[in-house]
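Quick notes on the structure that follows.
The values are calculated or read from the model by the stated rules, or taken from the named source; none is laboratory data. Model, not experiment: these values are computed from the prediction. Cβ placement follows ideal geometry from the backbone for every residue including glycine, while neighbour counts extend to all protein chains displayed.
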Protein chains: 2
Amino acid sequence: MSETDRTKMKILQSVNPATQRVLPGDFAIATRAQIEETVARANEAWKVYKNLSGSEKATFLRTIADEIEALGDSLVQRAVEESGLPEGRIIGERGRTCNQLRLFAKLVEEGSWVNAVIDEAQPDRQPMPRVDIRKMSIAVGPVVVFTASNFPLAFSTAGGDTASALAAGCPVIVKAHPSHLGTNALVAKAITEAAEKCNLPKGVFASLNGEIETGQVLVQHPLVKAVAFTGSFRGGKALFDLANGRPEPIPVYAEMGSNNPIFILLEKLELEQDSLAEMIANSVNLGAGQFCTNPGILVMQKGKSTEVFLEKLQKAFAELQSAVMLNEGIYEAYRKGKTQSMSSSGVSALFEAKEDGEWKGAPSLAKVSAAHFLENSNLQEEVFGPFTLAVLCDDENQLRQVADALHGQLTATVMVTQEELEKASGLLEVLSQKAGRVIFNGVPTGVEVCHAMHHGGPFPSTTNGKYTSVGTEAIQRFVRPVTFQNIPDTLLPNALKRGNPLQIWRTVNGEKVRT
Amino acid sequence: MSETDRTKMKILQSVNPATQRVLPGDFAIATRAQIEETVARANEAWKVYKNLSGSEKATFLRTIADEIEALGDSLVQRAVEESGLPEGRIIGERGRTCNQLRLFAKLVEEGSWVNAVIDEAQPDRQPMPRVDIRKMSIAVGPVVVFTASNFPLAFSTAGGDTASALAAGCPVIVKAHPSHLGTNALVAKAITEAAEKCNLPKGVFASLNGEIETGQVLVQHPLVKAVAFTGSFRGGKALFDLANGRPEPIPVYAEMGSNNPIFILLEKLELEQDSLAEMIANSVNLGAGQFCTNPGILVMQKGKSTEVFLEKLQKAFAELQSAVMLNEGIYEAYRKGKTQSMSSSGVSALFEAKEDGEWKGAPSLAKVSAAHFLENSNLQEEVFGPFTLAVLCDDENQLRQVADALHGQLTATVMVTQEELEKASGLLEVLSQKAGRVIFNGVPTGVEVCHAMHHGGPFPSTTNGKYTSVGTEAIQRFVRPVTFQNIPDTLLPNALKRGNPLQIWRTVNGEKVRT
């Protein structure tokens, strides 16, 4: 097909960021009619799918994982070609993707996640009897998932958003990321085949290729009931505004930008300069700095040992390898953002790796006084890539001022010695008001997929800091509670039936019981 | 003070709706400076108050209840004068208000409501060790509460929103309802005195008088972190839009309008015409129809027994007493809304109680064919007052069509016989997709305050159907989860400490335990 034909026919193609060349594969932009049909089918599927048992949904999720694994090397190769990420990373990410699917399978198979709450009838209560009242969470309806470029598997087509929405009982419509269209197509096919093997309604999953407008049409469709998004602030906020402007507003769970500040207290800095410099430099450059938890700000007190530390950090940065970024847009945005930050008043560059004409993220380091930082809130705008800004404070008081001035964050980290714990207490208090996750003596990159993970901080790091996009509680985004009053057992969902046939944890008359 | 002086000095006064006369008491509109000071003080109070133990917060909540009870007859009299509601109702509502405060006291004293989730470290995990990760909910910050006119105590100054926000650890700023300024002042004083008795920071509670603009300034204040509202769709939606338009959007939990449809199946209608007619007429007229769960729509199949039922319902309506409505605005809106509905195409009046020049809600009944109802979605606009519209369907199929066409509702009710249970199953399924609470063989009025209550349905009945404004889970609106990673015990909140010193229910490595 010629370039003109592709434009006419609205065909998208992927580009290999390492070679800057177009990859084979034509991906047609969904037409309005296709979008309409897809959403209508998802809505029909919802009516059936939401009522499936936990074990039926679990089988589906596990079958998806199996199908993804069965794609074997072809998936890995395509993802490597489309993302520029190394093979080892993609293989690891595939493992995480399948583990997530199986984790949600286990969660819904067990079943307590529906938060069943029961207040039994009190026919003899005075002055008025109480009827039987039972509550549980049910799936809200079709969910649109906007996938992330930086995790072409784990935050993409069959990633955490899709896995948690399917686990909740919601059909999913994925808006494919233009950066990895081929990877998306392979995984989408795996999910579709899993749905067929499990005899599920066809609309339970769909993936659509498209441009910004495709996403806008999906978010505004009256049958769509929730949106999950991982990406830039601009993109997430635009969807949030669009969804709130609907005749029936719907929730947008957008995970957007974050600076993930690391506060290093003085003694820690003095005692562990070498290891801290190496640990931080590697965290900043991990995956070419393309993590939402990438540490973009380091906050510390001025002083002699701080000077020494910054020199060591500079050296550690000089030893980092520049890696190919995900696509041209991200590469250009990184250069622009970094330059903007570095040319801001009071900011001085400490290190900048050389550019070589490829789309590589050049690791870069700069410093600024806390006074300048506090004056210029633009310095809190996320620079997506291997860049970090050291903010130097006159004293502990100013360190606290910087903490107080922070915008909402996904994470905030404190580095301390055992002796500094008491000092860290006030700081921890402030940071827990600013971030969704606070960390001691560790880097923010590396988000554990578990029950206790909260990957979601106050705005602008997400549009809704009450919900996580990582870990089992991500499922809660796609349900709402419904109370059933005075309803006979035969018509109640199994999770609410008398005698607790599913043997799940329930809150009965205020007490947690499993009987 | 003369009327001109009052306008100049921005003084508000209450009106007794029964006598249509101004009541004693001048209530000054908060100035910008007062609003600013109030919010700043609330924010300072939050930093201390959010960290109080469950038993300290419980003592505060119980002291508020005690102080309200200590107001004795003066409170009851003022509330009666300002609301036009009968004394018995106000005394009952005071009981409910104090019970709610004590229910939340018990909840926070017990402590498990913080949803502590712990994944312990796995130092030997391959390929990478897992660090210790712990999560719990913490208070978001100052909350603005817009109180409801129709519950001058239970949904007002010390009502469910205030009680749940204070229980969560959030200071509360009440925007007093202009309909019961004196009642508000009395209760606000009781709360302030309770705060003093408990040695709490001054900013933990405040009440401000004002007009629409006062509320707008509060909602837009950067230190305000959440809003609770009970009232009209117009009011709630305006606040929702305002809050979403902030540089940092915040959640607005607005409980707005609802029709609370009652579906009556044919056999039920045939067998229980008399009791149903009486039950429904009384539910429609309860509190002059001024309940958010007031049944505004009755859906049934056409037929001979339906005709007989409607005649009986008409008679039951004729025997109802018109009661004084809460204020002139509500009275006028009721007249207008009712007239609008009754003059819509295909709607015919079945009964309209006579007006007597007072601000009384005249019980009124109308009917419309399902075909007309389905064509005109304006008929789904809530008419706040003792009005209900019977929607007559040709067959079961059309009954389902009406259910499918419903907007989001707080409640939906199905009336059936034992023999009709199976038929009701499909209907129940649809209604559980439309409402926050589905009810069998009972009226929607009367919202039980308990753990399993969900008082919050899909838009437009609320702005966020995931949350309830009644019952213990209302507390969840005012918190967000924070994950603590690798944090030593000394710095962890007690709810997350090793050894579980609070002995609360926690999810540890995926299992619910209390040890």
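Note on the stretch B:212-231: among residues that are in a strand (DSSP E or B) and more than 21 Å from A:Val252 (Cα to Cα), the one that is farthest from the chain's Cα centre (by Cα) is B:Phe229.
Residues in the stretch A:238-258 that are surrounded by 18 or more Cβ atoms within 10 Å (Cβ to Cβ) and at the interface with another protein chain (Cβ under 9 Å from one of its Cβ atoms): A:Phe240, A:Asn244, A:Pro249, A:Ile250, A:Pro251. Exactly one residue out of B:Thr192, B:Thr183 is in contact with a Lys or Arg (Cβ under 7 Å, 6 or more places away or on another chain) and assigned to a helix (DSSP H, G or I), and it is B:Thr183. Against the test of being within 18 Å of the chain's Cα centre (by Cα) and at pLDDT 95 or above, the options B:Ala167, B:Ala190 yield a single qualifying residue, B:Ala167.
Of all residues in the stretch B:232-249, one or more are in contact (Cβ under 8 Å) with a residue 40 or more places away in the chain and assigned to a loop (DSSP other than H, G, I, E, B). The residue that is farthest from the other protein chains (Cβ to nearest Cβ), counting only those in the stretch A:451-462 that are assigned to a loop (DSSP other than H, G, I, E, B) and crowded, with 24+ Cβ neighbours inside 10 Å, is A:Ser461. Summed over the stretch A:223-252, the residues that are in contact with a strand residue (DSSP E or B) (Cβ under 6 Å, 6 or more places away or on another chain) and within 15 Å of A:Pro460 (Cα to Cα) give a count of 6.
If the condition is being in a helix (DSSP H, G or I), closer than 16 Å to B:Thr162 by Cβ and of a type outside the set (A, V, I, L, M, F, W, C), then the stretch B:195-211 contributes only B:Gly203. For B:Val443, the test of being of a type outside the set (S, T, N, Q) and within 17 Å of B:Leu276 (Cα to Cα) is passed. For the stretch A:289-307, filtering for residues that are part of a loop (DSSP other than H, G, I, E, B) and among the small types (Gly, Ala, Ser) leaves 2. Among the residues making up the stretch A:119-142, those that are of a type in the set (A, V, I, L, M), surrounded by fewer than 23 Cβ atoms within 10 Å (Cβ to Cβ) and more than 24 Å from the chain's Cα centre (by Cα) are A:Ala121, A:Met128, A:Val131. Go through the residues of the stretch A:176-185 one by one and say whether even a single one is surrounded by fewer than 24 Cβ atoms within 10 Å (Cβ to Cβ), among the small types (Gly, Ala, Ser) and in contact (Cβ under 8 Å) with a residue 12 or more places away in the chain. Yes: one or more hits.
The residue list A:Thr463, A:Thr417 contains one member that is closer than 26 Å to A:Ile330 by Cα and among the hydroxyl-bearing types (Ser, Thr, Tyr), which is A:Thr463. What residue, of B:Asn43, B:Asn115, B:Asn51, is farther than 25 Å from B:Thr183 by Cβ, surrounded by fewer than 19 Cβ atoms within 10 Å (Cβ to Cβ), touching a strand residue (DSSP E or B) at 6+ places or on another chain (Cβ under 6 Å) and within 14 Å of chain A (Cβ to nearest Cβ)? After ruling out the rest, the residue left standing is B:Asn115. Here B:Ile212 meets each of (1) in contact (Cβ under 8 Å) with a residue 24 or more places away in the chain; (2) closer than 30 Å to B:Glu355 by Cβ with one exception, condition (1). Taking the stretch B:187-205 as the range and being touching a residue at least 60 places away in the same chain (Cβ under 8 Å), surrounded by 24 or more Cβ atoms within 10 Å (Cβ to Cβ) and under 25 Å from B:Val80 (Cα atoms) as the test, the residues that pass are B:Val187, B:Ile191, B:Ala194.
Residue-wise test of (1) buried (at least 18 other Cβ atoms within 10 Å of the Cβ); (2) assigned to a helix (DSSP H, G or I).
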residue	(1), (2)
A:Phe309	yes, yes
A:Lys315	no, yes
A:Leu326	yes, no
A:Tyr334	yes, yes
A:Ala349	no, no
A:Asp356	no, no
A:Lys367	yes, no
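Restricting attention to the stretch B:463-515, and to residues there that are among the polar types (S, T, N, Q) and in contact with a His (Cβ under 7 Å, 6 or more places away or on another chain), which single residue is nearest to the other protein chains (Cβ to nearest Cβ)? Among those residues, the one meeting the criterion is B:Thr483. If we scan the stretch A:122-129, do we find a residue that is away from chain B (no Cβ under 14 Å) and either of a type in the set (D, E, K, R) or over 26 Å from A:Gly231 (Cβ atoms) (or both)? The answer is yes; a qualifying residue exists. Selection over the stretch A:304-319 of residues that are under 34 Å from the mean Cα position of the chain (by Cα) and of a type in the set (Lys, Arg) gives a count of 2. In the set (1) surrounded by fewer than 22 Cβ atoms within 10 Å (Cβ to Cβ); (2) at the interface with chain A (Cβ under 8 Å from one of its Cβ atoms); (3) touching a residue at least 12 places away in the same chain (Cβ under 8 Å), the condition left unmet by B:Thr445 is number (2). Quick one: how many residues across the stretch B:408-429 are more than 8 Å from chain A (Cβ to nearest Cβ) and either surrounded by 17 or more Cβ atoms within 10 Å (Cβ to Cβ) or in contact (Cβ under 8 Å) with a residue 24 or more places away in the chain (or both)? Matching residues across the stretch B:408-429 total 14. Among the residues of the stretch B:140-169, which ones are aliphatic (A, V, I, L, M) and in a loop (DSSP other than H, G, I, E, B)? Those that are aliphatic (A, V, I, L, M) and in a loop (DSSP other than H, G, I, E, B): B:Val140, B:Ala148, B:Leu153, B:Ala154, B:Ala158. B:Pro295 satisfies every condition listed in (1) surrounded by fewer than 16 Cβ atoms within 10 Å (Cβ to Cβ); (2) under 26 Å from A:Pro247 (Cα atoms) except (1).
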